[in-house]
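The values are calculated or read from the model by the stated rules, or taken from the named source; none is laboratory data. Remember, it's a predicted structure, so these values are computed and weren't measured experimentally. Glycine gets a Cβ as well: all are built from the backbone with ideal geometry, and neighbour counts include every protein chain shown.
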């Protein structure tokens, strides 16, 4: 068995990160306590961390590590909004060390565990005055993943150039092997971070990993170079994929579900995708086919490269620095100290499927490298992108606009340059004050997908008032953030309800309404353990349901109108729902959240039997909330729990 010390020839695309913070050190002493005395330490993350949680709590029985899950797509935005409003978790998670959060985080420089990490990477996430605020989570390797079993069936050899990858897609599509219902054979996760990461990855072998690219990266860190004039070619290959029907870019529009990359790859409905080692591991465990990874390949005979990115960065909430939080601060520091040990890294890697620890003295078994990337990792052709997350998201959004035909690449990259040169967009400086919130209305732990909430009730009531419908429905997946006591700005609404789906008013009957509620309860627990987004927040209606059983579905017990009177068979009601629920994107690939009984738009699916389209309002949830707040601008607004949704065990 060969064991290699991780000595990577890592080229870092480093953008300026001026990390600030204040902090007082603490003792790392183990304690023992009864459950009633355990110290709660909270943390937000994208997936369940059961192995790491168990490791921490078995090492320190006095600590109760509480992991709250949130989506990768919103982790930074939700983290930042919570911090700004005093609701952040104890341990802060950021996908990329983010400048906008720095004054809300503690300085970790005095902590001994900080010295356990590779100095080159830590230098990238230090402030100008030498303080360290973030530590890196073990990294993921990125590249292409393809179905070897299907490729062999189609007679496709392992690609060695980007042109070979396009040829693989062409052959797969022509032979109908590894093709989805929409005709695509290639997929990119539909978050803007994934889009920008993939497109930059394609530039590594022939630009970013070469001398010119290294110089460009150095100049970009000082804002002395530009994206325009240097990265136009990053969309050449993806645009060819779109033109030939290999890549479905509808998922980048934001009006439908996220691309179901794992399910399509697992079920043989996709030949190849962009992904990381964790996705490869999950596909291998499915046992459906043989899979392998490909690095980013060169068209000019240069060595291939893989990307390695920390899965996230961890920090401590500055609120822990207050004297009254000293006990929690000590516990949180002990958690990070364990995390920064070899044993802690192994436990964490078990959870996230990462392949690379950034500890100084890490050794890795060659057998642990993802299949297909061994040569790149062994020879040190591992590239790290160091761009703040807000810039990566903006780059991804503009490139998605190029791929969906909304703009051209030259214009889009010039917009990215303007955004970067002007230091991004500070929402607090540009947002319009539109209302006053009377209390905190918290979105956390996907509560709007499982139960009655104050924020769900407020949004549903606003929808009913603005649309004039008898009953308003808001699917839980459309709510993505909290509203906090005090001033409400326009950018708050964008964070709470970010999707562009528009509301329509339908006329329907009691039978259809009951069917809607049953569908809303059908995915209270999904395969990944998270509740589905189809759960219905309501206004003008009350309903009771039984908690989910082994199948993950709840059972509708009772439904009445808001005044307690029953729904009447044979009577029609007007309901407000999104065009998404009514079939505007069709119901393929999980779109429409299964509300086929409401279909008035999709010709590919059976029309709803008892629905009639009465009005297209043209309003998104953000528009609705904006109008509602302006109509109530002389009062504070807030939602309240009034028993309109009840859960029975």
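Within the stretch 278-308, the residues that satisfy the criterion of being surrounded by fewer than 23 Cβ atoms within 10 Å (Cβ to Cβ) and assigned to a loop (DSSP other than H, G, I, E, B) are 287, 288, 289, 290, 297, 298, 299, 300, 301, 302, 303, 304. The C-beta contact set for the stretch 400-422 (first residue loosely packed, with under 14 Cβ neighbours inside 10 Å, second residue assigned to a loop (DSSP other than H, G, I, E, B), distance under 8 angstrom, 6+ apart or interchain) comprises 410/228; 421/223. Considering the stretch 115-140, the residues that are part of a loop (DSSP other than H, G, I, E, B) and modelled with pLDDT of 70 or more include one that is surrounded by the fewest Cβ atoms within 10 Å (Cβ to Cβ), namely 118.
One line per residue, one yes/no per condition, for (1) in a strand (DSSP E or B); (2) surrounded by fewer than 16 Cβ atoms within 10 Å (Cβ to Cβ); (3) modelled with pLDDT of 70 or more:
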{"site": "24", "(1), (2), (3)": "no, yes, no"}
{"site": "36", "(1), (2), (3)": "no, yes, no"}
{"site": "43", "(1), (2), (3)": "yes, no, yes"}
{"site": "48", "(1), (2), (3)": "no, yes, yes"}
{"site": "89", "(1), (2), (3)": "no, no, yes"}
{"site": "97", "(1), (2), (3)": "no, no, no"}
{"site": "109", "(1), (2), (3)": "no, no, yes"}
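For the stretch 603-642, filtering for residues that are more than 28 Å from residue 494 (Cβ to Cβ) and either assigned to a loop (DSSP other than H, G, I, E, B) or outside the structural domain of residue 492 (by TED's automatic domain parsing) (or both) leaves 9. So in the stretch 529-552, with the set limited to residues that are at pLDDT 95 or above and in a loop (DSSP other than H, G, I, E, B), which one is farthest from the chain's Cα centre (by Cα)? Taking the candidates together, the pick is 540. Using the structure shown, decide if residue 206 is crowded, with 19+ Cβ neighbours inside 10 Å, modelled with pLDDT of 95 or more and not in a loop (DSSP other than H, G, I, E, B). Criteria met by residue 206. At pLDDT below 95 and either assigned to a helix (DSSP H, G or I) or buried (at least 24 other Cβ atoms within 10 Å of the Cβ) (or both): is that true of residue 367 in this structure? So residue 367 fits the description; yes.
Of all residues in the stretch 552-561, those satisfying the criterion of being in contact with a strand residue (DSSP E or B) (Cβ under 6 Å, 6 or more places away or on another chain) and in contact (Cβ under 8 Å) with a residue 24 or more places away in the chain are 554, 555, 556, 557, 559. Just one of the numbered conditions (1) within 22 Å of residue 261 (Cα to Cα); (2) in contact with a helix residue (DSSP H, G or I) (Cβ under 7 Å, 6 or more places away or on another chain) is not true of residue 526: (2). With respect to the conditions (1) modelled with pLDDT of 95 or more; (2) over 24 Å from the mean Cα position of the chain (by Cα); (3) farther than 17 Å from residue 578 by Cβ, residue 503 lacks only one, and its number is (3).
Looking at this structure, is residue 464 outside the structural domain of residue 71 (by TED's automatic domain parsing), at pLDDT 95 or above and either touching a helix residue (DSSP H, G or I) at 6+ places or on another chain (Cβ under 6 Å) or part of a helix (DSSP H, G or I) (or both)? Yes; evaluated as a whole, the condition is true for this residue.
For residue 263, the criteria (1) in a loop (DSSP other than H, G, I, E, B); (2) surrounded by fewer than 23 Cβ atoms within 10 Å (Cβ to Cβ); (3) at pLDDT below 95 hold in every case but one, which is (1).
Checking each residue in the stretch 211-259 for being assigned to a loop (DSSP other than H, G, I, E, B) and crowded, with 20+ Cβ neighbours inside 10 Å picks out 227, 231, 246, 248, 256, 259. Here residue 177 fulfils each of the conditions (1) outside any helix (DSSP H, G or I); (2) under 23 Å from the mean Cα position of the chain (by Cα) apart from (2). The sole residue among 240, 232, 219 that is modelled with pLDDT under 95 and out of contact with any strand residue (DSSP E or B) (no Cβ under 7 Å at 6 or more places or on another chain) is 219. So is residue 190 part of a helix (DSSP H, G or I) and touching a helix residue (DSSP H, G or I) at 6+ places or on another chain (Cβ under 7 Å) or not? No, not satisfied.
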